[in-house]
Amino acid sequence: MTKITQYIKEAKKTLFSFEILPPLKGESIQSIFSAIEPLMEFNPPFIDVTYHREEYVYKLRENGLLEKRTIRKRPGTVGICAAIMNRFKVDAVPHIICGGFTKEETENALIDLSFLGIENVLVLRGDPIKSEGVFVPEPDGHRYSTELLQQVVNLNKGVYLDEEMKKPIPTEFCIGVAGYPEKHFEAPSMRFDLQKLKHKVDMGADYVVTQMFYDNQKYIDYVRRCRQEGINVPIIPGLKPLTSKKQLVALPRAFFIDLPDDLVDAVEKCKDDAAVKQVGIEWCIQQSKELMEFGVPVLHYYTMSKSDATKKIATALF
Ligand code: FAD
């Protein structure tokens with residue numbers, strides 16, 4: 001297995017990669033294989049697998065009281081990474097998050113990943129639990145991605161939580177982190193957010209993957225400001241083709257991004273979601289072409305585990 005920075009270094013042209021979600025609990029791994037198979041002809045060197053933390057659901061009991069239950073709707077990131085690597089002989093990149101993990105659990109998960117031969121991880125804080133709204137770390141967990149990053153950097157130096165271990169083996173993770181061309185929603189300013197990103201890179205992050213954006217100028221300005229801050233690692237743009245009219249509201253709400261007026265106008269004119277999907281695909285192809293010309297190392301697509309739109313985009317480009 002290979003580090004993402006190595007793939008980028010050796011690439012002669014823009015690389016194609018994508019992200020999938022673990023299946024909903026109760027669905028088979030075949031649903032993921034079916035989403036990946038049509039995209040393999042475009043030779044992705046790596047596939048990202050998201051992590052979804054627990055949620056709280058409330059069930060009404062016969063006595064009229066509410067029972068609080070904790071569930072994970074999409075478990076299985078480590079297993080899915082193993083299945084993908086085994087089946088497709090491609091690098092799987094698990095997303096690892098602070099939320100819901102103690103430091104000890106994180107260490108054990110990282111050990112599992114390194115046993116599997118996984119060489120890349122995307123280190124994130126994670127979103128708050130849906131019903132909570134504000135991110136709350138575990139009592140012995142990490143508050144920011146920087147703290148989790150420090151743990152991975154330490155493991156890469158052979159520094160485990162138990163300082164008394166004799167000759168522990170260092171891990172060899174290549175570490176990705178998240179970047180926000182339109183600012184992370186909690187950051188008081190873009191400069192603040194960039195300083196935090198610079199801190200991540202100075203600590204040892206090897207590359208950045210961006211939040212989705214629909215206006216390339218936002219990405220280009222972001223890269224320029226990152227370079228001014230001294231952030232010199234690869235900044236991989238993340239793109240998500242628009243596929244339904246309701247996303248006009250859902251995406252800005254969930255991801256704190258703006259949609260360009262031309263795109264909004266085009267989608268509003270569509271009679272149904274099939275027409276929206278076509279608009280979304282054409283927009284994404286155009287975005288991808290411009291980004292290729294700009295010289296991005298990789299075009300990374302958020303597929304939501306549905307391959308048809310991404311396949312049409314990749315067919316036009318790769
Ligand atoms: P952080 O880097 O911790 O930043 C969070 C906020 O705190 C920012 O505003 C930052 O400016 C600020 N900050 C950072 N460090 C410090 C510090 N030391 N002191 C004070 N402030 C600080 N979520 C999931 O749950 N699962 C996933 O699989 C997942 N995949 C993602 C993939 C990508 C490419 C992206 C862009 C996001 C993904 N997310 C995922 C969402 C992500 O977890 C959320 O955006 C989360 O709110 C922030 O994560 P982060 O790693 O950017 O956090």
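Values computed for the structure shown
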{"quantity": "Residue in region 130-143 that is at pLDDT 95 or above, surrounded by 19 or more Cβ atoms within 10 Å (Cβ to Cβ), at negative phi and in contact with a strand residue (DSSP E or B) (Cβ under 7 Å, 6 or more places away or on another chain) present", "calculated": "no"}
{"quantity": "Residue count, region 71-89 (criterion: crowded, with 20+ Cβ neighbours inside 10 Å and under 13 Å from Phe33 (Cα atoms))", "calculated": "3"}
{"quantity": "Hits in region 8-49 - residues which are under 22 Å from Leu291 (Cβ atoms) and crowded, with 20+ Cβ neighbours inside 10 Å", "calculated": "Leu15, Phe16, Ser17, Phe18, Glu19, Ile20, Leu39, Pro44, Phe46, Ile47, Asp48"}
{"quantity": "Segments classed as strands (runs of 3 or more DSSP E), wholly inside region 30-140, with at least 1 members that are within 28 Å of Gln150 (Cβ to Cβ) and within 13 Å of the ligand (Cβ to nearest atom)", "calculated": "46-49, 55-60, 91-97, 120-124"}
{"quantity": "Count of region 153-205 residues which are exposed (fewer than 15 other Cβ atoms within 10 Å of the Cβ), within 12 Å of the ligand (Cβ to nearest atom), assigned to a loop (DSSP other than H, G, I, E, B) and without any contact (Cβ under 8 Å) to a residue 60 or more places away in the chain", "calculated": "3"}
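Every residue, every condition in (1) over 16 Å from Gly126 (Cα atoms); (2) in contact with an Asp or Glu (Cβ under 9 Å, 6 or more places away or on another chain); (3) assigned to a helix (DSSP H, G or I), yes or no:
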position: Thr210; (1), (2), (3): no, no, no
position: Tyr214; (1), (2), (3): yes, yes, no
position: Tyr222; (1), (2), (3): yes, yes, yes
position: Val233; (1), (2), (3): yes, yes, no
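The values are calculated or read from the model by the stated rules, or taken from the named source; none is laboratory data. Just so we're clear, the structure is a prediction, and the values are computed from it rather than from any experiment. Virtual Cβ from ideal backbone geometry, glycine too; neighbours counted across all protein chains shown.
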